[in-house]
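Structure, as structure tokens:
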Amino acid sequence: MNGDAIVVGGGLAGLVAATRLAEAGADVTLYERRPEVGGRVRTETVDGFTLDRGFQVLFSSYPAVERELGADGLDDLDLQTFAPGATICRPGSRSTLGDPLRDPRAALPSLLNDEVSTSDKLRTLALRYDLANRDEEAFFAGPDEPIREYLRDWGFADDYVTNFVEPFYGGITLDRTLSTSKHVFEYTFRAMGRGSIGVPAAGMAALPAALADRAREAGVEVRTGEDAEAVRTAGQGRIPFRTGSADADGATVELADGSTREADAVVVAASPPEARRLTGVESVPTEGVPNVTGWYALPAGESFETGGRILLNAASESPNAVVPMSEVAPEYAPDDRALLAATFLGEESLDRGADALREDVRDALAAWFPEREFDGLETLDVHRIRFAQFAQPPGVHADLPDPDDPEGPVVLAGDYTEWSSIQGALESGRTAASAAAEYL
Ligand SMILES: Cc1cc2nc3c(=O)[nH]c(=O)nc-3n(C[C@H](O)[C@H](O)[C@H](O)COP(=O)(O)OP(=O)(O)OC[C@H]3O[C@@H](n4cnc5c(N)ncnc54)[C@H](O)[C@@H]3O)c2cc1C
């Protein structure tokens, strides 16, 4: 394949699209407006702690992860994994709900867990069996409904939904009301049964860093700190095209410094609102779901006795969950300190101050662990992310844009062409590269 391609945006989708085009022989330049690649998957270091930009996890069984990184690349991330299941917490009580098939040590406490009835435990196994052999492509097609109704249709009791599903899948979909599409539930539910959930030892940014290494090895020129102002096609006629070019249907990218770059194909892999602005494609979803993550330090020492599980708040929405990060990923904290993440959902949490959030976390921990005190809980940082995922109400996936929707040799890449996740973003990069290759 010959020809030049420009990729706008260095999130996961843009990095994959750029690599695949370069591997196929195109001359590729990627422009990322921020100083580093990764988009919504970033990591910072504060006082020796590793803080991801909003608590998030990698599912090892997402097929696109191994496809893009290879088995060795996935191993190199040195995933620090959570034990399957969760610890359900309420004032004065903590109980383990594990996955007896994947974590036999948790079988007995899970069986005895009275937050969830035996029939719902059996229903969970039946649901797993039902989804086990479904084709990958079939997950986001067909009739849809909110997660809450889907579980009711399956016969799950309200208690199970309230005590476990609300905080657990609320954390995955960033929507504790469970009004998100059942497709997201089904996909992630199966993924969890097939692999582990974890964070790379060096932080979530190790994932885009590995993808960027691959991109550079393939010959991609990765230019950070360069913002694309506009993308124009020949049909829009405002930009002079290369004289003598074999393909007069190219496209031009205007950068914020006023300069222009021409290419035979442009992949717009910017975040959804920006992708809509740049391409004018109205089916790009622009409604976002927020996430607030507070990061807290404690002196190291006492364990949270979760066996590496997330602490779910079954009694209140704030915080939705507390994650014993350094118990799962010791590399995230200096030796003498422990690191916790706490997640807060809903628009209201964006406006709450760091002190109020910390008090909620301290009060929750003190209620769940009455034998301990948490006055020393220290806020390291609070990440308020207005657009963490695009909103995924039932039916949304049927109306998402096709990569080829923009006019001319311009192609869309981003989670918003698939579903809002790392898997969706990586997969979209692959699909966009194939679509862009048609113009090269
Ligand atoms: C707090 C949080 C928790 C999450 N939890 C999970 C999880 O646990 N598991 C999971 O699978 N997914 C999770 N997600 C979702 C997942 O991170 C995203 O779906 C995925 O990273 C989207 O990647 P993307 O490449 O499509 O878009 P983005 O990551 O949005 O990348 C777009 C890139 O384009 C750049 N850009 C934008 N405009 C321009 C421009 N004009 N010029 C140049 N560059 C531009 C941006 O700076 C950005 O780098 C979470 C997200 C957040 C924020």
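Per-residue ellipticity at 222 nm computed for the chain from its helices equals -9000 deg cm²/dmol, with DSSP H segments shorter than 4 residues left out and the rest contributing -39,500 (n - 2.57). With semi-axes defined as the square roots of five times the eigenvalues of the C-alpha gyration tensor, the equivalent ellipsoid of segment 157-309 measures 43, 22, 15 Å, largest first. Between GLU378 and ASP135, the contour length at 0.36 nm per residue exceeds the Cα-Cα span by 82.9 nm. Phi angles of segment 417-423 translate, via the Karplus equation with coefficients 6.51, -1.76, 1.60 and θ = phi - 60°, into HN-Hα couplings of 9, 10, 7, 7, 5, 5, 4 Hz per residue; Gly and Pro are given as x.
Annotation: extensible slack from ALA354 through SER283 equals 22.0 nm (criterion: 0.36 nm per residue apart, minus Cα-Cα distance). Here the chain carries DSSP beta bridges of which approximately 70% are antiparallel, counting only pairs with both residues inside.
Find the relative contact order for the chain and round it to a whole percent, using C-alpha pairs within less than 8 Å whose residues are 6+ positions apart. Relative contact order here is 26 percent. Is the shape of segment 128-167 rounded, prolate or oblate, going by the alpha carbon gyration tensor and its root eigenvalues a ≥ b ≥ c, with a/c under 1.5 for rounded and a/b larger than b/c for prolate? Because a/c hits 1.5 or more and a/b exceeds b/c, segment 128-167 counts as prolate. For GLN389, the residues whose modelled amide H falls within less than 5 Å of its own, excluding neighbours fewer than 5 places apart on the same chain, are VAL289. Direction-averaged projected area, Cα convex hull, the chain: 20.9 nm², rounded to one decimal. For the chain, modelled as a GNM whose springs connect Cα atoms under 10 angstrom apart, the maximal fluctuation among PRO406, PRO167, PRO35 occurs at PRO35. Under a 10 Å cutoff between Cα atoms, tell me which one of ALA230, ALA64, ALA342 has the largest fluctuation in the Gaussian network model of the chain. Ranking ALA230, ALA64, ALA342 by mean-square fluctuation puts ALA230 first. Derived scalar couplings between HN and Hα for segment 250-258 equal x, 9, 10, 10, 9, 8, 4, 7, x Hz in order, rounded to whole Hz, by the Karplus curve 6.51 cos²θ - 1.76 cosθ + 1.60 (θ = phi - 60°), x for Gly and Pro. Here the contact order of segment 311-440, divided by its residue count and restricted to Cα pairs under 8 Å and six or more residues apart, works out to 14 percent. Computed over segment 24-81, the range of Cα coordinates on each principal axis works out to 43, 30, 16 Å, biggest value leading. Scalar couplings 3J(HN,Hα) for segment 370-387, obtained by applying the Karplus form with A = 6.51, B = -1.76, C = 1.60 to θ = phi - 60°, are x, 7, 10, 10, 10, 4, x, 4, 10, 6, 8, 6, 10, 9, 10, 10, 6, 10 Hz; x denotes Gly and Pro.
A short reminder: the numbers here are calculations on the coordinates, not readings from a lab. None of these values were measured; they are calculated from a predicted model.
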